[in-house]
Amino acid sequence: MGKKIAVMTSGGDAPGMNPAIRSVVRTAIYYDMDVIGIKHGYSGMIEGNFEAMYRGSVADIIHRGGTILHSARCPEFETVEGRKQAIENLKREGIEGVVIIGGDGSLQGAEKLAEESDIRVVGIPGTIDNDLGGTDYCLGFDTAMNTVIDGVNKIRDTATSHERTFIIEVMGRHSGDLALMSGLASGAEYILIPEIKFSSKDVCDKIQQGYERGKLHSIIMVAEGVDEDLKPNRKKSESPAFDLSNEIEERTGLETRVIILGHLQRGGSPTAMDRILASRMGFEAVKLLRDGKNKLMVGYRNHEIISTSLSEVLKEKDKINHEIVELAHILSL
């Protein structure tokens, strides 16, 4: 492997990206390699927005959320012309390998980059949705989960005081892992995720039964991508949480409130787990490039750092642990 690599972050930001950048830069320097930071993801790759990175470039960032390299979504990279320009820029800079930190779309771009050039790529999974194959945990998931749990703890106080049903909508357009694990850890009575169909009537019936046996409140955790079975004539809003809230109030007469945590889930200082995971993954990514490896993603399985081909990572679907689904249901009865 050559002496110059690059590192970038792409797509939605996730806590843990900065510790990963730090690890990549300092590991590369330790192995006597030059490191370039690519600003603004694939857009920066196309525009040639490169910056030399040194030890001091990543000082005092391990505790910071977001990404010092900034991030962006880049439709231009989906075109052959866009990728051709990006490859030309990388070659002109003498970059022979790139560490790409991001989610599904970012790693799809990484695979294309490797297929259409002789530039080696290694991915690091960074997404709060935790929806990538080849790893038990993605960077940012643990921090986002703790942010959600902290919010639920506060909401539960007022839910109890006013004897209300609260619906908490969390991120997860195609994956319910954040809703599922946060709901289990926070003791939510109901957890609704895209991977499992549900009936709003069944939810309403269970809420009504709970109140009849003396429950003072209910917490419902909803992933933003759920497909709820509402009345056929109802016009759906952009938020499944508000649709469900209206249905609950109509069917049960119980006062319901909606909390959409939104981008709050993306921010915050990364947890110890995300910092340690990012440090280990960044270290492994540089070693793989140094050894001439290509088209891989670093992952975490059974407490070990592993690597998996990008093609396998992108094929793996339905990461939901159905035993956890069953456990959450049993504990909420």
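The values are calculated or read from the model by the stated rules, or taken from the named source; none is laboratory data. This is a predicted model, so every value here is computed, not measured. When we count neighbours, we look across all protein chains shown, and the Cβ atoms used for this are built from the backbone with ideal geometry, even at glycine. The accessibility values were calculated without ligands, DNA or RNA, using every heavy atom of the protein model including side chains. Shrake-Rupley method; radii C 1.70, N 1.55, O 1.52, S 1.80 Å.
The figures follow:
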| item | result |
| --- | --- |
| Filtered residues of region 31-52 (kept if of a type outside the set (Asp, Glu), out of contact with any Phe, Trp or Tyr (no Cβ under 9 Å at 6 or more places or on another chain) and at negative phi) | 31, 33, 49, 50, 52 |
| Complete set of residues in region 250-260 that are open to solvent by 60 Å² or more (accessible area, probe 1.4 Å), over 32 Å from the mean Cα position of the chain (by Cα) and not basic (Lys, Arg) | 250, 253, 255 |
| Residue that is farthest from residue 176 (Cα to Cα) [pool: residues in region 128-143 that are β-branched (Val, Ile, Thr) and either in a loop (DSSP other than H, G, I, E, B) or out of contact with any Asp or Glu (no Cβ under 7 Å at 6 or more places or on another chain) (or both)] | 135 |
| Identity of the residue in region 57-98, within 23 Å of residue 139 (Cβ to Cβ) and part of a helix (DSSP H, G or I), that ends up nearest to the chain's Cα centre (by Cα) | 77 |
| Criterion (assigned to a helix (DSSP H, G or I) and crowded, with 18+ Cβ neighbours inside 10 Å) met by exactly one of 288, 264 | 288 |
| First in region 89-100 and open to solvent by 10 Å² or more (accessible area, probe 1.4 Å), second anywhere and modelled with pLDDT under 95, Cβ under 6 Å, 6 or more apart | 96/2 |
| Selection from region 110-127 of residues that are buried (at least 24 other Cβ atoms within 10 Å of the Cβ), outside any strand (DSSP E or B) and touching an Asp or Glu at 6+ places or on another chain (Cβ under 9 Å) | 127 |
| Residue 126 within 13 Å of the chain's Cα centre (by Cα) and at pLDDT below 95 | no |
| In region 262-307, the residues that are among the acidic types (Asp, Glu) and farther than 22 Å from residue 64 by Cα | 291, 304 |
| Residue match in region 107-123 (condition: hydroxyl-bearing (Ser, Thr, Tyr) and more than 16 Å from residue 274 (Cβ to Cβ)) | yes |
| Condition check for residue 312: without any contact (Cβ under 8 Å) to a residue 24 or more places away in the chain and within 28 Å of residue 109 (Cβ to Cβ) | no |
| Per-region count, region 183-210, residues open to solvent by less than 10 Å² (accessible area, probe 1.4 Å), in contact (Cβ under 8 Å) with a residue 60 or more places away in the chain and β-branched (Val, Ile, Thr) | 1 |
| Scope region 68-93; condition in contact with a Gly (Cβ under 6 Å, 6 or more places away or on another chain) and of a type outside the set (A, V, I, L, M, F, W, C); matching residues | 71, 76, 89 |
| Single residue of 44, 11 found to be in contact with a strand residue (DSSP E or B) (Cβ under 9 Å, 6 or more places away or on another chain), without any contact (Cβ under 8 Å) to a residue 40 or more places away in the chain and either closer than 18 Å to residue 139 by Cβ or open to solvent by less than 10 Å² (accessible area, probe 1.4 Å) (or both) | 44 |
| Residue check for residue 30: surrounded by fewer than 19 Cβ atoms within 10 Å (Cβ to Cβ), of a type outside the set (S, T, N, Q) and closer than 25 Å to residue 300 by Cβ | yes |
| From 157, 150, 60, residue being farther than 24 Å from residue 19 by Cα, surrounded by fewer than 16 Cβ atoms within 10 Å (Cβ to Cβ) and among the charged types (D, E, K, R) | 157 |
| Scope region 34-79; condition within 25 Å of residue 270 (Cα to Cα) and of a type in the set (Asp, Glu); matching residues | 51, 60 |
| Members of region 141-182 that are in contact (Cβ under 8 Å) with a residue 60 or more places away in the chain and of a type in the set (A, V, I, L, M) | 144, 148, 152, 155, 159, 167, 168, 170, 171, 178, 180, 181 |
